[in-house]
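K.L.:
Once you've had a glance at the structure underneath, I'll fire off some questions.
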Amino acid sequence: MLPPFRAVLFDCDGVLADSEGIANTIVAEEITALGWALTPHAAEREFLGLSLPDMLPRIAARVSVVPPRWPEAVAARITAELARSVRPMPGAIEAVAALAARGVPMAVCSNSGREELAMKMTVLGLFPFFEGRVFSFQDVPRPKPAPDLYTVAAAACGMSPGECLVVEDSATGVAAGLAAGCQVVGLLPGLGVPVVGLHTFH
């Protein structure tokens, strides 16, 4: 049983938004075009939870040339596709709504870029639940696995990190939550079942 918590800090991709499959497919196609053949599953295994800037050194080590505007082009393609087809993870909207009904402060902490994250929150209708407590890796000095996102989010909720429950689906995100001093629930990628029952925790 988890200790009591007073705020919940959500990752976005794979926790609130069913977006990992779409993003991994695009990343695999774009990196394969550079000369490193990857399947979507291999891209997920290689990059799950990383921000695009943190992906670049791994990519550069495996391909001859990364074009100067390649990251921006990939981010724009992902954002455009997600705007058309992103859906919520099963049970995510219900869990967020139940927590909001109980007055539990919540925040979103994502290694996605600011524009992409805002689009997903808008399409899924989640912005009203978070009242401006939506943080991209571009809003802090260091992305996950550094604790910065979760430290800032806890403060925005008016809580200490130890009073916050982090919900994550990647080792990178779990490491960030633990480094911040939060309680952490880790979801298996593709299996968001614990989110469904999140509002039953005491």
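K.L.:
Would you call A28 touching a residue at least 12 places away in the same chain (Cβ under 8 Å), surrounded by fewer than 18 Cβ atoms within 10 Å (Cβ to Cβ) and in a helix (DSSP H, G or I)?
P.N.:
Answer is no for this residue.
K.L.:
Continuing with the same structure: When you go through (1) at pLDDT 95 or above; (2) touching a strand residue (DSSP E or B) at 6+ places or on another chain (Cβ under 7 Å); (3) among the aliphatic types (A, V, I, L, M) one by one for V185, which number turns out not to apply?
P.N.:
(1)
For (1) in contact with a helix residue (DSSP H, G or I) (Cβ under 7 Å, 6 or more places away or on another chain); (2) more than 19 Å from L56 (Cβ to Cβ); (3) modelled with pLDDT of 95 or more, each residue gets a yes or a no:
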site: A83; (1), (2), (3): yes, yes, no
site: G91; (1), (2), (3): yes, yes, no
site: S110; (1), (2), (3): yes, no, yes
site: R142; (1), (2), (3): yes, no, yes
site: T151; (1), (2), (3): yes, yes, yes
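K.L.:
One residue is enough: does the range 4-17 have a residue meeting the conditions surrounded by fewer than 18 Cβ atoms within 10 Å (Cβ to Cβ), not in a loop (DSSP other than H, G, I, E, B) and not aromatic (F, W, Y)?
P.N.:
Checking the range 4-17: not a single residue is surrounded by fewer than 18 Cβ atoms within 10 Å (Cβ to Cβ), not in a loop (DSSP other than H, G, I, E, B) and not aromatic (F, W, Y).
K.L.:
Let me ask something else. Where in the range 33-151 are there helices (runs of 4 or more DSSP H), lying fully within it, with 1 or more residues that are open to solvent by 20 Å² or more (accessible area, probe 1.4 Å) and closer than 17 Å to D18 by Cα?
P.N.:
Per the criteria, 40-47, 70-85, 92-101, 114-123, 127-130.
The values are calculated or read from the model by the stated rules, or taken from the named source; none is laboratory data. Values in this document were obtained by computation on a predicted structure and should not be read as measured data. Every residue, glycine as well, gets a Cβ built from its backbone with ideal geometry; the counts of neighbours run over all protein chains shown. When the accessible area is computed, the model is the full protein with side chains, heavy atoms only, and any ligands, DNA or RNA have been set aside. Shrake-Rupley method; radii C 1.70, N 1.55, O 1.52, S 1.80 Å.
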